[in-house]
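Below you'll find the structure, written out as C-alpha coordinates, and then a few comments.
The values are calculated or read from the model by the stated rules, or taken from the named source; none is laboratory data. Computed from a prediction, not measured in an experiment: that's the story for all the values here. Note: ideal-geometry Cβ built from the backbone for every residue, glycine included; neighbour counts use all protein chains shown. What goes into the accessible areas is simple: the full protein's heavy atoms, side chains included, and nothing from ligands, DNA or RNA. Shrake-Rupley method; radii C 1.70, N 1.55, O 1.52, S 1.80 Å.
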Amino acid sequence: MRLRNHVVVVTGASSGIGRATAEEFARKGCAVVLAARREEALEATARECAKHRGARTLVVPTDTTDVKAVEDLARRAVEELGRIDVWVNNAAVNAFGRFEDVPLEDFRKVLDVNVMGYVYGARAALPVMREQGTGTLINVSSIVGAVAQPYSHPYGMSKYAVRGLGSSLRQQLRVEGVKDIHVCTVLPATIDTPHFQQAANYTGRKVVAMPPVYTPERVARAIVGLVHRPRREVVVGPAGRALVRQSRMAPALAERAMARQTDKSHLSHDEEAPATHGALHVPAQGEGAVHGGWGGRRRTAMRRTAVAAALAGAAVTAGRRLVRSPVGS
(Lines give C-alpha, C1' and ligand atoms only; values in the text may rest on other atoms or scores of the structure.)
Protein backbone atom coordinates (compact mmCIF):
# COMPACT_ATOMS: atom_id res chain seq x y z
CA MET A 1 0.00 0.00 0.00
CA ARG A 2 1.35 3.40 -0.97
CA LEU A 3 1.29 5.73 2.02
CA ARG A 4 1.83 9.03 0.27
CA ASN A 5 -0.96 11.51 1.06
CA HIS A 6 -2.44 9.28 3.76
CA VAL A 7 -3.79 11.21 6.75
CA VAL A 8 -2.40 9.88 10.03
CA VAL A 9 -3.45 10.88 13.55
CA VAL A 10 -0.89 10.22 16.30
CA THR A 11 -1.66 10.75 19.98
CA GLY A 12 1.24 11.28 22.37
CA ALA A 13 3.10 12.92 19.47
CA SER A 14 5.03 15.34 21.69
CA SER A 15 7.84 12.90 22.51
CA GLY A 16 9.13 9.35 22.39
CA ILE A 17 7.43 6.73 20.24
CA GLY A 18 4.65 9.08 19.16
CA ARG A 19 7.05 11.72 17.92
CA ALA A 20 9.24 9.17 16.12
CA THR A 21 6.12 7.66 14.55
CA ALA A 22 4.86 11.02 13.30
CA GLU A 23 8.25 11.72 11.72
CA GLU A 24 8.34 8.28 10.08
CA PHE A 25 4.91 8.78 8.51
CA ALA A 26 5.94 12.25 7.37
CA ARG A 27 9.03 10.70 5.78
CA LYS A 28 6.66 8.49 3.76
CA GLY A 29 4.79 11.52 2.44
CA CYS A 30 1.80 11.38 4.81
CA ALA A 31 -0.06 14.28 6.35
CA VAL A 32 0.22 13.98 10.12
CA VAL A 33 -2.16 15.20 12.80
CA LEU A 34 -0.25 15.68 16.03
CA ALA A 35 -2.02 15.34 19.38
CA ALA A 36 -0.78 15.63 22.97
CA ARG A 37 -1.21 17.99 25.91
CA ARG A 38 1.89 20.12 25.20
CA GLU A 39 1.41 22.58 22.33
CA GLU A 40 5.04 23.76 22.45
CA ALA A 41 6.30 20.20 22.04
CA LEU A 42 3.79 19.48 19.26
CA GLU A 43 4.99 22.52 17.35
CA ALA A 44 8.55 21.19 17.65
CA THR A 45 7.37 17.83 16.30
CA ALA A 46 5.62 19.60 13.42
CA ARG A 47 8.84 21.39 12.49
CA GLU A 48 10.70 18.08 12.36
CA CYS A 49 7.96 16.47 10.27
CA ALA A 50 7.97 19.37 7.82
CA LYS A 51 11.62 18.64 7.03
CA HIS A 52 10.50 15.44 5.30
CA ARG A 53 9.13 16.31 1.86
CA GLY A 54 7.45 19.36 3.35
CA ALA A 55 4.88 17.11 5.00
CA ARG A 56 1.58 18.70 5.92
CA THR A 57 1.01 18.86 9.67
CA LEU A 58 -1.89 19.78 11.89
CA VAL A 59 -1.22 20.51 15.56
CA VAL A 60 -4.18 19.81 17.86
CA PRO A 61 -3.40 20.08 21.60
CA THR A 62 -5.48 17.29 23.13
CA ASP A 63 -6.00 15.77 26.56
CA THR A 64 -6.94 12.21 25.61
CA THR A 65 -8.82 11.72 28.89
CA ASP A 66 -11.35 14.29 27.63
CA VAL A 67 -13.77 12.53 25.28
CA LYS A 68 -14.94 15.79 23.70
CA ALA A 69 -11.34 16.83 23.02
CA VAL A 70 -10.68 13.51 21.25
CA GLU A 71 -13.88 13.87 19.22
CA ASP A 72 -12.76 17.38 18.24
CA LEU A 73 -9.37 15.95 17.22
CA ALA A 74 -11.05 13.58 14.78
CA ARG A 75 -13.40 16.28 13.53
CA ARG A 76 -10.56 18.71 12.79
CA ALA A 77 -8.56 16.00 10.99
CA VAL A 78 -11.50 15.34 8.67
CA GLU A 79 -12.46 18.99 8.21
CA GLU A 80 -8.94 20.19 7.43
CA LEU A 81 -7.36 17.14 5.76
CA GLY A 82 -10.38 15.31 4.38
CA ARG A 83 -10.13 11.85 5.99
CA ILE A 84 -8.41 9.63 8.55
CA ASP A 85 -6.50 6.71 7.06
CA VAL A 86 -4.52 5.75 10.16
CA TRP A 87 -5.12 6.47 13.84
CA VAL A 88 -2.32 5.63 16.29
CA ASN A 89 -3.37 5.44 19.94
CA ASN A 90 -0.04 5.97 21.68
CA ALA A 91 -0.39 8.51 24.52
CA ALA A 92 0.55 6.82 27.79
CA VAL A 93 1.74 7.57 31.32
CA ASN A 94 3.15 5.44 34.12
CA ALA A 95 3.31 5.27 37.90
CA PHE A 96 5.87 3.20 39.81
CA GLY A 97 5.51 2.06 43.40
CA ARG A 98 4.40 -0.75 45.67
CA PHE A 99 0.70 -1.44 45.11
CA GLU A 100 -0.25 0.10 48.46
CA ASP A 101 1.94 3.18 47.96
CA VAL A 102 0.67 4.59 44.66
CA PRO A 103 -1.98 7.26 45.38
CA LEU A 104 -5.36 6.27 44.02
CA GLU A 105 -5.59 9.51 42.04
CA ASP A 106 -2.40 8.51 40.21
CA PHE A 107 -3.59 4.93 39.74
CA ARG A 108 -6.82 6.23 38.20
CA LYS A 109 -4.98 8.74 35.98
CA VAL A 110 -2.83 6.00 34.42
CA LEU A 111 -5.95 3.98 33.62
CA ASP A 112 -7.79 7.03 32.28
CA VAL A 113 -4.96 7.93 29.88
CA ASN A 114 -3.84 4.46 28.88
CA VAL A 115 -7.24 2.75 28.63
CA MET A 116 -10.06 5.28 28.30
CA GLY A 117 -7.89 7.49 26.10
CA TYR A 118 -7.61 4.57 23.68
CA VAL A 119 -11.33 3.87 23.94
CA TYR A 120 -12.09 7.50 23.08
CA GLY A 121 -9.61 7.36 20.19
CA ALA A 122 -11.15 4.20 18.76
CA ARG A 123 -14.69 5.59 19.10
CA ALA A 124 -13.62 8.77 17.28
CA ALA A 125 -11.67 7.05 14.50
CA LEU A 126 -13.76 3.99 13.63
CA PRO A 127 -16.93 5.83 12.51
CA VAL A 128 -14.81 7.88 10.09
CA MET A 129 -13.14 4.74 8.77
CA ARG A 130 -16.50 2.98 8.42
CA GLU A 131 -17.81 5.85 6.32
CA GLN A 132 -14.66 5.76 4.16
CA GLY A 133 -14.72 1.97 3.97
CA THR A 134 -11.02 1.69 4.86
CA GLY A 135 -8.61 2.52 7.67
CA THR A 136 -6.13 1.20 10.19
CA LEU A 137 -6.36 1.65 13.96
CA ILE A 138 -3.07 0.94 15.74
CA ASN A 139 -2.94 0.65 19.54
CA VAL A 140 0.43 0.77 21.29
CA SER A 141 0.52 -1.71 24.17
CA SER A 142 3.75 -3.10 25.71
CA ILE A 143 5.43 -6.39 26.52
CA VAL A 144 4.13 -5.79 30.06
CA GLY A 145 0.75 -6.39 28.44
CA ALA A 146 1.95 -9.99 28.08
CA VAL A 147 4.12 -10.34 31.22
CA ALA A 148 3.28 -7.85 33.97
CA GLN A 149 5.86 -6.26 36.27
CA PRO A 150 6.01 -5.46 39.95
CA TYR A 151 6.10 -1.75 40.84
CA SER A 152 4.04 -0.61 37.80
CA HIS A 153 0.64 -2.14 38.53
CA PRO A 154 -1.64 0.39 36.80
CA TYR A 155 0.57 0.48 33.71
CA GLY A 156 0.59 -3.31 33.37
CA MET A 157 -3.16 -3.46 33.87
CA SER A 158 -3.67 -0.81 31.21
CA LYS A 159 -1.47 -2.55 28.66
CA TYR A 160 -3.30 -5.85 29.13
CA ALA A 161 -6.52 -3.91 28.58
CA VAL A 162 -5.18 -2.42 25.35
CA ARG A 163 -4.55 -5.92 23.99
CA GLY A 164 -8.07 -6.93 25.00
CA LEU A 165 -9.53 -3.89 23.29
CA GLY A 166 -7.73 -4.72 20.05
CA SER A 167 -8.85 -8.33 20.15
CA SER A 168 -12.50 -7.49 20.79
CA LEU A 169 -12.57 -4.81 18.07
CA ARG A 170 -11.09 -7.21 15.52
CA GLN A 171 -13.74 -9.76 16.40
CA GLN A 172 -16.53 -7.21 16.09
CA LEU A 173 -15.35 -6.12 12.64
CA ARG A 174 -15.07 -9.75 11.57
CA VAL A 175 -18.61 -10.72 12.59
CA GLU A 176 -19.89 -7.58 10.86
CA GLY A 177 -18.11 -8.58 7.66
CA VAL A 178 -15.86 -5.51 7.59
CA LYS A 179 -12.72 -6.43 5.64
CA ASP A 180 -10.84 -3.22 4.93
CA ILE A 181 -10.64 -1.74 8.43
CA HIS A 182 -7.78 -3.20 10.45
CA VAL A 183 -7.01 -3.10 14.18
CA CYS A 184 -3.40 -3.81 15.12
CA THR A 185 -1.60 -3.90 18.47
CA VAL A 186 2.08 -3.10 19.01
CA LEU A 187 4.00 -4.47 22.02
CA PRO A 188 7.34 -2.66 22.39
CA ALA A 189 10.06 -3.86 24.75
CA THR A 190 12.03 -1.20 26.68
CA ILE A 191 12.37 1.88 24.47
CA ASP A 192 14.77 4.83 24.76
CA THR A 193 12.25 7.62 25.43
CA PRO A 194 11.64 10.26 28.14
CA HIS A 195 8.86 8.04 29.50
CA PHE A 196 10.79 6.89 32.55
CA GLN A 197 11.89 10.38 33.62
CA GLN A 198 8.28 11.58 33.40
CA ALA A 199 6.66 8.72 35.32
CA ALA A 200 5.21 9.10 38.78
CA ASN A 201 7.47 7.35 41.28
CA TYR A 202 6.82 6.19 44.84
CA THR A 203 9.50 3.51 45.11
CA GLY A 204 12.15 5.70 46.73
CA ARG A 205 14.52 4.56 43.96
CA LYS A 206 15.32 6.20 40.64
CA VAL A 207 13.52 4.60 37.69
CA VAL A 208 15.87 3.64 34.86
CA ALA A 209 15.24 1.96 31.50
CA MET A 210 15.47 -1.81 31.94
CA PRO A 211 17.93 -3.25 29.40
CA PRO A 212 18.07 -4.15 26.63
CA VAL A 213 16.90 -0.78 25.32
CA TYR A 214 15.67 -0.24 21.76
CA THR A 215 15.20 2.95 19.77
CA PRO A 216 11.85 4.70 19.25
CA GLU A 217 12.58 4.68 15.52
CA ARG A 218 12.42 0.89 15.59
CA VAL A 219 8.88 1.01 16.97
CA ALA A 220 7.94 3.73 14.47
CA ARG A 221 9.04 1.56 11.57
CA ALA A 222 7.00 -1.34 12.93
CA ILE A 223 3.92 0.88 13.18
CA VAL A 224 4.32 2.13 9.62
CA GLY A 225 4.87 -1.47 8.52
CA LEU A 226 1.46 -2.43 9.92
CA VAL A 227 -0.23 -0.09 7.47
CA HIS A 228 1.57 -1.86 4.61
CA ARG A 229 0.86 -5.30 6.08
CA PRO A 230 -1.72 -5.37 8.89
CA ARG A 231 -1.14 -7.96 11.61
CA ARG A 232 -3.00 -8.73 14.82
CA GLU A 233 -0.04 -8.06 17.09
CA VAL A 234 3.63 -7.32 16.62
CA VAL A 235 6.30 -7.36 19.34
CA VAL A 236 9.18 -4.92 18.86
CA GLY A 237 12.61 -6.03 20.08
CA PRO A 238 14.18 -9.52 20.13
CA ALA A 239 14.26 -9.66 23.93
CA GLY A 240 10.58 -8.77 24.01
CA ARG A 241 9.74 -11.53 21.54
CA ALA A 242 11.72 -14.03 23.63
CA LEU A 243 9.87 -12.98 26.78
CA VAL A 244 6.47 -13.26 25.12
CA ARG A 245 7.35 -16.76 23.85
CA GLN A 246 8.47 -17.72 27.33
CA SER A 247 5.21 -16.42 28.81
CA ARG A 248 3.27 -18.78 26.54
CA MET A 249 5.39 -21.84 27.28
CA ALA A 250 6.11 -21.29 30.96
CA PRO A 251 4.12 -18.38 32.42
CA ALA A 252 5.21 -18.91 36.02
CA LEU A 253 8.84 -18.91 34.99
CA ALA A 254 8.31 -15.76 32.94
CA GLU A 255 6.76 -14.02 35.95
CA ARG A 256 9.68 -14.94 38.18
CA ALA A 257 12.19 -13.77 35.57
CA MET A 258 10.39 -10.46 35.11
CA ALA A 259 10.14 -9.88 38.86
CA ARG A 260 13.88 -10.42 39.34
CA GLN A 261 14.83 -8.33 36.31
CA THR A 262 12.56 -5.44 37.29
CA ASP A 263 13.86 -5.27 40.87
CA LYS A 264 17.45 -5.69 39.72
CA SER A 265 17.65 -3.32 36.75
CA HIS A 266 14.49 -1.18 36.43
CA LEU A 267 14.95 0.56 39.77
CA SER A 268 18.35 1.90 40.75
CA HIS A 269 20.06 0.44 43.82
CA ASP A 270 22.43 3.42 43.95
CA GLU A 271 20.21 6.48 43.49
CA GLU A 272 17.31 7.46 45.67
CA ALA A 273 14.36 9.44 44.32
CA PRO A 274 11.74 11.59 46.06
CA ALA A 275 8.07 10.75 45.69
CA THR A 276 6.61 12.52 42.66
CA HIS A 277 3.49 12.66 40.52
CA GLY A 278 5.79 13.04 37.51
CA ALA A 279 3.96 14.32 34.43
CA LEU A 280 0.70 12.54 35.22
CA HIS A 281 -1.39 15.58 36.10
CA VAL A 282 0.73 18.42 34.72
CA PRO A 283 2.62 17.97 31.42
CA ALA A 284 6.41 18.19 31.38
CA GLN A 285 7.81 21.52 30.22
CA GLY A 286 9.76 22.23 27.06
CA GLU A 287 9.81 21.12 23.45
CA GLY A 288 9.95 17.39 24.15
CA ALA A 289 12.31 14.84 22.62
CA VAL A 290 12.27 11.52 20.82
CA HIS A 291 14.99 9.93 22.96
CA GLY A 292 15.41 9.65 26.71
CA GLY A 293 19.18 9.26 26.80
CA TRP A 294 19.15 5.59 27.82
CA GLY A 295 21.74 4.42 25.31
CA GLY A 296 19.40 2.92 22.70
CA ARG A 297 21.43 1.08 20.11
CA ARG A 298 24.63 0.97 22.17
CA ARG A 299 23.06 -0.78 25.14
CA THR A 300 20.98 -2.96 22.85
CA ALA A 301 24.01 -4.11 20.90
CA MET A 302 25.78 -5.17 24.08
CA ARG A 303 22.96 -6.93 25.87
CA ARG A 304 20.04 -7.91 23.69
CA THR A 305 21.60 -11.11 22.35
CA ALA A 306 22.53 -12.36 25.80
CA VAL A 307 19.12 -11.52 27.29
CA ALA A 308 17.18 -13.05 24.39
CA ALA A 309 19.29 -16.21 24.50
CA ALA A 310 18.83 -16.54 28.26
CA LEU A 311 15.06 -16.15 28.03
CA ALA A 312 14.79 -18.55 25.12
CA GLY A 313 16.97 -21.09 26.93
CA ALA A 314 14.86 -20.83 30.06
CA ALA A 315 11.70 -21.37 28.01
CA VAL A 316 13.16 -24.46 26.35
CA THR A 317 14.18 -25.87 29.73
CA ALA A 318 10.71 -25.22 31.11
CA GLY A 319 9.17 -26.83 28.05
CA ARG A 320 11.24 -29.97 28.59
CA ARG A 321 10.11 -30.14 32.20
CA LEU A 322 6.50 -29.85 31.10
CA VAL A 323 6.99 -32.68 28.60
CA ARG A 324 8.52 -34.92 31.29
CA SER A 325 5.75 -34.19 33.80
CA PRO A 326 2.93 -36.77 33.92
CA VAL A 327 -0.44 -35.63 32.63
CA GLY A 328 -2.59 -34.17 35.37
CA SER A 329 0.32 -33.53 37.72
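Return one number: the angle in degrees, 0 to 90 and rounded to the nearest 10, between the long axis of the Cα atoms of helix 67-81 and the longest principal axis of the Cα atoms of the chain. Taking the Cα atoms of the chain, the angle to 67-81 is about 50 degrees. Label-to-label distance, residue 264 versus residue 231, with points set 7 angstrom from Cα along the beta-carbon direction: 2.8 nm. Taken about its Cα centre, the chain carries a charge dipole of roughly 1740 debye when the Cβ of each Lys and Arg holds +1 and the Cβ of each Asp and Glu holds -1.
Could you work out Rg/(2.2 N^0.38 Å) for the range 1-80, with Rg from alpha carbons only?
0.99
Only one residue of 54, 65, 78 has its Cα farthest out toward the positive end of the dipole of the range 40-86, where Lys and Arg carry +1 and Asp and Glu -1 on Cβ, and that residue is 54. Between the helical axis of 16-27 and the dominant principal axis of the chain, each derived from Cα atoms, what acute angle in degrees is found, rounded to the nearest 10? Here the helix axis deviates by roughly 50 degrees.
Averaged per residue, the range 135-198 has 35 square angstrom of accessible surface, using a 1.4 angstrom probe with ligands and nucleic acids left out. The angle between the Cα long axis of helix 238-249 and the longest principal axis of the Cα atoms of the chain comes to about 60 degrees, rounded to the nearest 10.
Peptide packing for 16-28, 219-231, 111-123 was compared via the average number of neighbouring C-beta atoms within 10 Å per residue; ordered from the highest value, the list is 16-28, 111-123, 219-231. Determine the relative contact order of the chain: mean sequence separation of Cα pairs under 8 Å and six or more apart, normalised by residue count, in whole percent. After rounding, I find 20 percent. As a fraction of the 1.4 Å probe accessible area of the chain, surface on carbon and sulfur atoms comes out at 51 percent. What you get for the range 34-127, charging only the Cβ of Lys and Arg (+1) and of Asp and Glu (-1), is a dipole of about 420 debye around the Cα centre. Computed from the alpha carbon atoms alone, the convex hull of the range 127-193 holds 101 Å³ per residue. How many angstrom separate the Cα center of the range 78-98 from the Cα center of the range 217-267? Each part reduced to its Cα centre gives a spacing of 21 Å. Largest mean-square fluctuation among 50, 13, 74, in a Gaussian network model of the chain whose springs join Cα atoms under 10 Å apart, belongs to 50. Each residue of the range 86-95 was assigned a 3J(HN,Hα) from its phi angle through the Karplus curve 6.51 cos²θ - 1.76 cosθ + 1.60 (θ = phi - 60°); the sequence is 9, 10, 10, 7, 10, 4, 7, 10, 9, 9 Hz, with glycine and proline shown as x. Ordering 242, 283, 145 by the projection of their Cα atoms onto the charge dipole of the chain, which places +1 on the Cβ of Lys and Arg and -1 on the Cβ of Asp and Glu, puts 242 at the extreme positive end. Placing +1 on the Cβ of every Lys and Arg and -1 on the Cβ of every Asp and Glu, with no other charges, gives the range 137-219 a dipole of roughly 180 debye about its Cα centre. For a test of the definition: using alpha carbon positions, the gyration tensor, and the 1.5 limit on a/c, classify the range 238-292 as rounded, prolate or oblate. Prolate.
Can you list which of the GluC sites (Glu not before Pro) found in the range 140-245 are DSSP loop residues with at most 12 other C-beta atoms within 10 Å?
176
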